[in-house]
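**Student:** Take this structure, written in structure tokens, and hold onto it; I'll ask about it next.
What follows is calculated from the coordinates using simple rules that are stated; it is not laboratory data. Quick caveat: nothing in here was measured; it's all calculated off a predicted structure. Quick reminder, even Gly has a Cβ in these numbers, built from the backbone with ideal geometry, and neighbours come from all protein chains shown.
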Amino acid sequence: MTEAALQMGKRRHVLDLDDFVPEEFEEVFAQADAMAEVLARPIAQVPALRGVTVVNAFYEASTRTRISFEQAAKALSATVVNFTAQSSSVVKGESLVDTVRTLEALGADVVVLRHAMSGAPYLVARHFSGAVLNAGDGRHAHPTQGLLDIYTMRRHLGEIRGIRVVIVGDILHSRVARSNLWGLTKLGAQVVLCGPPTLVGPASYWEAVFPNVRVCYALEEAIAGADVVMALRLQKERQESGLLPTLREYIRLYCLTPERLALAAPHALVMHPGPMNEGVEISPEVATCAQSVIEEQVTNGVAIRMALLYMLAGRKAEA
Ligand code: CP
């Protein structure tokens with residue numbers, strides 16, 4: 001067993017990337033490479049998790065994360081139970097902790113949780129004896145998205161150390177940006193955060209926590225020579241809450257257009273975690289251009305989630 005395997009072997013949950021060590025990223029990526037080979041087979045299913053029950057508990061809307069976790073669990077032959085808050089006793093007032101105890105009593109081995117409240121997966125992890133995977137909590141973290149994003153960069157660019165990644169948009173409210181920041185900076189990338197000051201915040205806020213992070217409010221300056229440009233979804237409620245003067249001004253200053261992308265390195269990747277507002281944070285031409293790996297991010301999400309399910313299923317709290 002390698003040092004990396006020993007590191008990942010100590011873990012029961014993936015709640016964020018802030019507690020990952022660099023070796024764990026490598027172990028997850030190597031496992032995801034193996035899972036991508038499984039997915040490329042004519043019959044893309046292996047019996048690795050037969051007898052394991054994975055519950056996808058989604059308290060918030062999702063397309064990519066929910067479906068890819070389901071595909072990942074099924075490709076490993078796990079039993080998959082899909083739980084949505086709207087169709088459960090949550091609507092009768094059942095608490096999150098009660099729900100988790102019920103899932104445990106019904107034999108769940110892994111809980112995949114998406115929740116609007118930051119920190120909800122940590123609460124679940126305290127009350128559940130199996131493994132918990134955070135599928136996005138509030139504004140806090142989206143670790144499997146961070147892993148699939150970095151995995152996609154690594155497949156195209158090789159080394160993460162030394163690359164320059166520009167993240168553009170609503171950084172302050174983005175769990176995707178936070179998890180990417182933890183992962184990318186731990187692996188030695190330089191990250192530039194770009195957007196209006198009301199959606200990025202002061203440079204000192206980010207620089208106090210993350211090494212190798214710079215804030216730049218002008219997209220043309222931020223993007224010059226970048227290896228990766230990641231646009232984030234602009235949530236419409238930001239304008240209603242007064243954080244933007246007008247949508248038109250946001251588009252004028254921050255929409256990722258072909259002209260702006262031309263300022264990045266010629267090999268630069270275009271990324272977006274989805275769902276996209278085409279014509280707002282990214283132009284339709286850029287979203288579908290040859291440099292765009294947006295659909296590949298979605299595909300890679302299945303291999304990354306298979307890797308995590310495979311590595312964590314069966315982990316139990318010590319009695
Ligand atoms: N990237 C992401 O989390 O997308 P969904 O909300 O569709 O899962």
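**Student:** Taking Cα atoms, how many degrees apart are the long axis of helix 96-105 and the longest axis of the chain, rounded to 10 and kept between 0 and 90?
**Tutor:** Approximately 40 degrees, to the nearest 10.
**Student:** Skipping prolines and chain starts, which residues have an amide H placed within reach, meaning under 5 Å, of the one on A78, given they are 5 or more residues away or on another chain?
**Tutor:** When sequence neighbours closer than 5 places are left aside, the close amide H contacts are L49.
**Student:** What angle do you read, to the nearest 10 degrees and between 0 and 90, between the alpha-carbon axis of helix 143-157 and the longest principal axis of the chain?
**Tutor:** Between the helix axis and the principal axis of the chain, the angle is about 60 degrees.
**Student:** May I ask you to evaluate 6.51 cos²θ - 1.76 cosθ + 1.60, the Karplus curve with θ = phi - 60°, for each residue of the stretch 300-316 and list the ³J(HN,Hα) values in order in whole Hz, giving x for glycine and proline?
**Tutor:** After applying 6.51 cos²θ - 1.76 cosθ + 1.60, I find 5, x, 5, 5, 5, 6, 4, 4, 5, 4, 4, 6, 9, 4, x, 6, 10 Hz.
**Student:** Which trypsin sites (Lys or Arg not before Pro) in the stretch 141-221 pass both tests, a DSSP loop state and at most 13 other beta-carbon atoms within 10 Å?
**Tutor:** Numbers: sites: R154, R155, R161, R164, R175, R178, K186, R214; in loops: R161.
Passing sites in the stretch 141-221 are R161.
**Student:** For V112, enumerate residues with amide H under 5 Å from its amide H, sequence gap 5+ or separate chain, H modeled in the peptide plane.
**Tutor:** The answer is V55, N56, A57, L133.
**Student:** In addition: Collect residues whose amide H, placed 1.01 Å from N in the peptide plane, falls under 5 Å from the amide H of G314; neighbours closer than 5 in sequence don't count.
**Tutor:** Residues meeting the criterion, in which the H sits 1.01 Å from N, are A131.
**Student:** Hey, got a sec? Which trypsin sites (Lys or Arg not before Pro) in the stretch 14-85 land in a DSSP loop and have at most 15 other Cβ atoms within 10 Å? Write down the numbers at each step before the final one.
**Tutor:** Numbers: sites: R50, R64, R66, K74; in loops: R50.
Here the trypsin sites (Lys or Arg not before Pro) that fit, given the DSSP loop and packing criteria, are R50.
**Student:** With a cap of 12 neighbouring Cβ atoms within 10 Å, and only residues DSSP puts in a loop, list the trypsin sites (Lys or Arg not before Pro) found in the stretch 219-292.
**Tutor:** Details: sites: R233, K236, R238, R248, R252, R260; in loops: R233, K236.
Qualifying residues, ordered by number: K236.
**Student:** About its Cα centre, how strong a charge dipole does the chain have in debye, to the nearest 20, once Lys and Arg get +1 and Asp and Glu get -1 at the Cβ? Present the calculation step by step, with values, prior to reporting the outcome.
**Tutor:** Values: 30 positive and 34 negative charges, 115 e Å.
Here the size comes out at about 560 debye.
**Student:** Report the dimensions of the stretch 143-297 along its three principal axes from the alpha-carbon atoms, largest first, rounded to Å.
**Tutor:** 40, 36, 28
**Student:** Sticking with this structure for a sec: Could you tell me the relative contact order of the stretch 143-297? Use alpha-carbon pairs under 8 Å, at least six residues apart, and round to a whole percent. Can you show the working numbers first?
**Tutor:** On the way: 287 pairs, mean separation 36.0, N = 155.
Result for the stretch 143-297 is 23 percent.
**Student:** Just check the stretch 117-178 against the gyration tensor rule for me: Cα atoms, a ≥ b ≥ c as the square roots of the eigenvalues, rounded for a/c under 1.5, and otherwise prolate or oblate depending on whether a/b exceeds b/c. Working shown, then result.
**Tutor:** Values: a/c = 3.87, a/b = 1.67, b/c = 2.32.
It is oblate, given that a/c is not under 1.5 and a/b is not larger than b/c.
**Student:** Sticking with this one: Order of 39-45, 135-141 by packing, highest average Cβ count within 10 Å first?
**Tutor:** Details: 39-45: 10.4, 135-141: 22.7.
For the peptides 39-45, 135-141, the packing ranking is 135-141, 39-45.
**Student:** How large is the helix-only mean residue ellipticity at 222 nm for the chain, computed as the sum of -39500 (n - 2.57) over DSSP H runs with n ≥ 4, divided by its residue count, in deg cm²/dmol to the nearest 500? Please list the in-between numbers first.
**Tutor:** On the way: 15 runs with 135 residues, N = 319.
Mean residue ellipticity at 222 nm (helix-derived): -12000 deg cm²/dmol.
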